[in-house]
Structures are given as C-alpha cells and as structure tokens.
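K.L.:
Once you've had a glance at the structure underneath, I'll fire off some questions.
The values are calculated or read from the model by the stated rules, or taken from the named source; none is laboratory data. Here the structure is a predicted model, which means the values were calculated and not measured. Cβ coordinates were reconstructed from backbone atoms using ideal geometry, including for glycine residues, and neighbour counts include every protein chain displayed. These accessible areas exclude ligands, DNA and RNA; they are computed on the full protein's heavy atoms, side chains included. Shrake-Rupley method; radii C 1.70, N 1.55, O 1.52, S 1.80 Å.
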Amino acid sequence: MTLSSPFTACLSLLLLAGCAVAPSAPATAPAYLAGPAYTVYAAGDIADCRQRGWQYTGAALTAELIDGELADKPEAAVLSLGDHTYPVGLAAEFRDCYAPTWGRFKERTYPTPGNHEYYGSKAASGYFDYFGRPDYYSFTLGSWHVISLNSHLPAARLDEQLAWLKDDLARHPARCTLAYWHAPLYSSGGHRAPKTMQPAWQALHAAGAELVLSGHDHDYERFAPQDASGNVDQARGLRQFVIGTGGAFLTPFFYFMPHSEVRDNSSHGVLRLRLHEAGYSWQYLAVPDDGTVARPAPDSGAAPCH
C-alpha cells in the first residue's frame, strides 16, 4: 500500500508519541445520522491531586471542557471510564479532588470502576459510596442500549457478570449498543491488555453491538472494528476507543497493536459521541492549549449501526 501525506508525516512520530489522522468530513451527512441524537462525553483516568491543588490539574481542564459542552445539552450524559482518583481511590480523594472537578456533573455521570479504585480498599468502597452504582448495570439513551461493566472483578464474579450480560443483551435487542469498562481488550499503551473481558466482547459481538469504550492507558486510541480474537470485522465487529485522557499524567505508546487506526497522547481530552437512531459520530475534544483556543480535533468520524 502506498502511504501519502498526512500518513507519511505520521510515521516519523510514532516511536515517540503516536500520531492522529482525522478522516475528511463528508460533504453531506449520511442518512444514518439523520434525526435526533443523544450526546455522550467519555474519558477515564481522571483526578490526580498529588502534586497540585485540584484547580491546576488535568481533571479541572477536562471538567471545564465538558461543563461548557453540557450547558446547552440537557439530555447529554457523561461516561467515566475508571480510575476516577489517584493514587488509591479513597473517599478523601473523591471528596477533595474528583468532586470539585468532574463531580460538578455527577448527576449526569454513569461510571465504571478501574484498578485504582481497589488499591485503597478491596471493596472499592470510596468509589461505590460516592457513586452509589452497582458493579455492572445498563440503561437507555434514546434508541441506544448502554452497558457499564467491571473489568476488575474476581473470576467468580466475572462469570456472574457475563451471565448477567448475556441475559441483558437478550432482554434488550436494540439495533445500537454501546458497552464500556476500564481495562481495554486492545491497546498500544504501557499496560499489556488483559484477556479478562474477552468473553464479554464475544457476547457483545454475537449480539451485534457497535462500540466499546475503555481507559487504563493514559492516551487516546481508536481501533478498527474487531471480533474478540483481534480480527477485523467491518460487518459486525466492535469499534474500540481507549480514552485514558481525563486528567491524569499522559503516558507513551509501547506496543503498536494491529488494527490501531489512530493514536494520540499529546493532550488531555474527552471523546464526544453523538448517538443517533441508526448510527453514531465521534470526535475527540482536546483541552485548549492556553484555555481559550481549542486544538484541532485529532480524530473524528461516523458509522452506521449494524
């Protein structure tokens, strides 16, 4: 395959940081983006006040970005993708670091726990006491079925979660389905992606789900639609986004995975999804450089539901 600009320029940067290439916007919106849509903002790996006060953290910057977006979107939701606080997810961290930042839109937030929530308490009590959500649950946004799963359960509880997931998918045969959890099945970041959630991916793939969102690695990455074995499946595969850019320190890419289409670790930011009845669009929103002028979006696109 012949590579041309901007791909050629991207190659020289991959070993240092990763590079993003945004698809060209279509001249007219496709039919699957017609009609009303629910807007979702998503990121994980958020509030870290160990080095500075909450006002000066990456979480404060991404919270300001989301807050501005939410002002005229009363129906919009926030998906928080785990590792809400650092270092160990204690109640004090939620109170003093998360609450002043992302806590301002807590009533719109649908969370999932990460590994750091369990470091201070084996029961992740800081997280569960703050949000009051179960380990896994589902809800509806417009015509979309949305599922929050826990990627850090012990083996027996993972089996329970999988049984629940299969039943939930059978009871909610929506055309468009989105699932999210903390540790991604595919990632080019510093964490070797565990296979813990591979059975869940298989169940979602069998049910025709569209999207999986995760965090864990402190970067942004988008993959081509894949099955649970890492094979590209444009017809029925799940497109996975890693959005570990909610505010914690950013980290480099180490393991360039097959079918990784976009990588960026140059900015904190959030993924904005527009969930339509028959499809969806996405755009990565980077925190402005100086607080006033937004950076160009490193990634955007759209696709129909299966």
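K.L.:
Out of (1) under 25 Å from His191 (Cβ atoms); (2) in contact with a Phe, Trp or Tyr (Cβ under 6 Å, 6 or more places away or on another chain); (3) part of a loop (DSSP other than H, G, I, E, B), what's the single condition that is false for Phe94?
P.N.:
(3)
K.L.:
Sticking with this structure for a sec: Could we say that His216 is crowded, with 23+ Cβ neighbours inside 10 Å, in contact (Cβ under 8 Å) with a residue 24 or more places away in the chain, at positive phi and in contact with an Asp or Glu (Cβ under 8 Å, 6 or more places away or on another chain) here?
P.N.:
So His216 fits the description; yes.
K.L.:
Looking at region 116-123, is at least one residue farther than 29 Å from Thr196 by Cβ and open to solvent by less than 60 Å² (accessible area, probe 1.4 Å)?
P.N.:
Within region 116-123, not a single residue is farther than 29 Å from Thr196 by Cβ and open to solvent by less than 60 Å² (accessible area, probe 1.4 Å).
K.L.:
Among the residues of region 142-157, is there at least one that is among the charged types (D, E, K, R), surrounded by fewer than 19 Cβ atoms within 10 Å (Cβ to Cβ), out of contact with any helix residue (DSSP H, G or I) (no Cβ under 8 Å at 6 or more places or on another chain) and within 30 Å of Asp264 (Cβ to Cβ)?
P.N.:
No, every residue in region 142-157 fails to be among the charged types (D, E, K, R), surrounded by fewer than 19 Cβ atoms within 10 Å (Cβ to Cβ), out of contact with any helix residue (DSSP H, G or I) (no Cβ under 8 Å at 6 or more places or on another chain) and within 30 Å of Asp264 (Cβ to Cβ).
K.L.:
Could you grab the pairs with beta carbons closer than 6 Å, sequence gap of 6+ or different chains, first residue in region 230-243 and touching a residue at least 24 places away in the same chain (Cβ under 8 Å), second one among the acidic types (Asp, Glu) and surrounded by fewer than 24 Cβ atoms within 10 Å (Cβ to Cβ)?
P.N.:
Asp233/Asp227; Gly237/Asp227
K.L.:
Condition (residue is open to solvent by less than 30 Å² (accessible area, probe 1.4 Å), at pLDDT 95 or above, of a type in the set (A, V, I, L, M, F, W, C) and assigned to a helix (DSSP H, G or I)) applied to region 35-51: is it met by at least one residue?
P.N.:
Within region 35-51 (the criterion being open to solvent by less than 30 Å² (accessible area, probe 1.4 Å), at pLDDT 95 or above, of a type in the set (A, V, I, L, M, F, W, C) and assigned to a helix (DSSP H, G or I)), the answer is no, since none of the residues qualifies.
K.L.:
Tell me, yes or no, whether region 267-280 has at least one residue that is closer than 20 Å to Ala63 by Cβ and of a type in the set (Val, Ile, Thr). If you could, list the steps in order and put the result at the bottom.
P.N.:
In the first step, residues of region 267-280 are kept if they are closer than 20 Å to Ala63 by Cβ; the result is 267-273.
Keeping just the survivors that are of a type in the set (Val, Ile, Thr) gives 270.
Among the residues of region 267-280, at least one is closer than 20 Å to Ala63 by Cβ and of a type in the set (Val, Ile, Thr), which makes the answer yes.
K.L.:
May I pose another question? Out of the residues in region 74-93 that are free of Cβ contacts under 8 Å to residues at least 40 places away in the same chain and in contact with an Asp or Glu (Cβ under 9 Å, 6 or more places away or on another chain), state the one that is surrounded by the fewest Cβ atoms within 10 Å (Cβ to Cβ).
P.N.:
Of everything passing the filter in region 74-93, Pro87 is surrounded by the fewest Cβ atoms within 10 Å (Cβ to Cβ).
Yes/no matrix, rows are residues, columns are (1) open to solvent by less than 10 Å² (accessible area, probe 1.4 Å); (2) assigned to a loop (DSSP other than H, G, I, E, B):
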site: Gly246; (1), (2): yes, yes
site: Pro252; (1), (2): no, yes
site: Met257; (1), (2): no, yes
site: Leu275; (1), (2): yes, no
site: Tyr280; (1), (2): yes, no
site: Tyr284; (1), (2): yes, no
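K.L.:
Same structure, new question: Please verify whether region 19-33 includes one or more residues that are in contact with an Asp or Glu (Cβ under 7 Å, 6 or more places away or on another chain), closer than 28 Å to His152 by Cβ and open to solvent by less than 40 Å² (accessible area, probe 1.4 Å).
P.N.:
Taking every residue of region 19-33 in turn, none turns out to be in contact with an Asp or Glu (Cβ under 7 Å, 6 or more places away or on another chain), closer than 28 Å to His152 by Cβ and open to solvent by less than 40 Å² (accessible area, probe 1.4 Å).
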